[in-house]
Structures are given as structure tokens and as C-alpha cells.
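Here is the structure we will look at.
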Amino acid sequence: MSGWYEKQGYNIMAFEDDIVRLQHMLEYAQKAVQFTRGRSRTDFDADEMRALATIHLIEILGEAAKAIS
């Protein structure tokens, strides 16, 4: 049995890896939103730990996005 991804020439392992990466990206994006929700830019700038954690989450998102096939 052949799926649409195989008909398009996709590798099933790469497809599954992409799904996992996308799930992680969604999780990290949700955390970044949670860290910043309800806070002003001034609040965010005053809380260095929160700012650094949010920036780190965004960096992880970028790295994962680069790895998507």
C-alpha cells in the first residue's frame, strides 16, 4: 500500500521526522506565547530570564524549521 507521500517521492522516515519536528515546533511556539501572554513590552524587557527563555524558544523553532525536508 502506497501513501500520497511515497507517490510524491518522499521518504517515509523523513516524513515521520518532519511530523515530530513540527510537533516540537508547535510545542515551543505555544510555550513562547505562554511566556509573553498578558505582558507588556516593558514587562518583557524588565524580566531578563523570561526574555532569554523566549528568545531561546524562538531559536529552537528556527533550527527545527531549517531541518524540515
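The values are calculated or read from the model by the stated rules, or taken from the named source; none is laboratory data. Just so it is clear, the structure is predicted and the values come from calculations on it, not from any experiment. Note that each Cβ is placed from the backbone with ideal geometry, even for glycine, and that neighbours are counted across all protein chains shown. All accessible areas refer to the heavy atoms of the entire protein, side chains included, with ligands and DNA or RNA removed. Shrake-Rupley method; radii C 1.70, N 1.55, O 1.52, S 1.80 Å.
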- prompt: Under a point spin-label approximation (7 Å from Cα along Cα-to-Cβ), what is the Ile58-Phe44 distance to one decimal in nm?
  reply: 0.7 nm
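In Å², what does the accessible area per residue of the chain work out to with a 1.4 Å probe?
Numbers: 5500 Å² over 69 residues.
Averaged over the residues of the chain, the accessible area is 80 Å².
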- request: Grab the DSSP H runs of the chain that are 4 residues or longer, score each as -39,500 (n - 2.57), total them, divide by all residues and round the 222 nm result to the nearest 500 deg cm²/dmol.
  value: -25500 deg cm²/dmol
message: Counting only protein heavy atoms and a 1.4 Å probe, tell me what percentage of the chain's accessible area is made up of carbon and sulfur.
response: 57 percent
query: Which option, [x] 4.6; [y] 5.2; [z] 5.6, is the value of mean projected area of the Cα convex hull in nm² that was calculated from these coordinates?
result: [z]
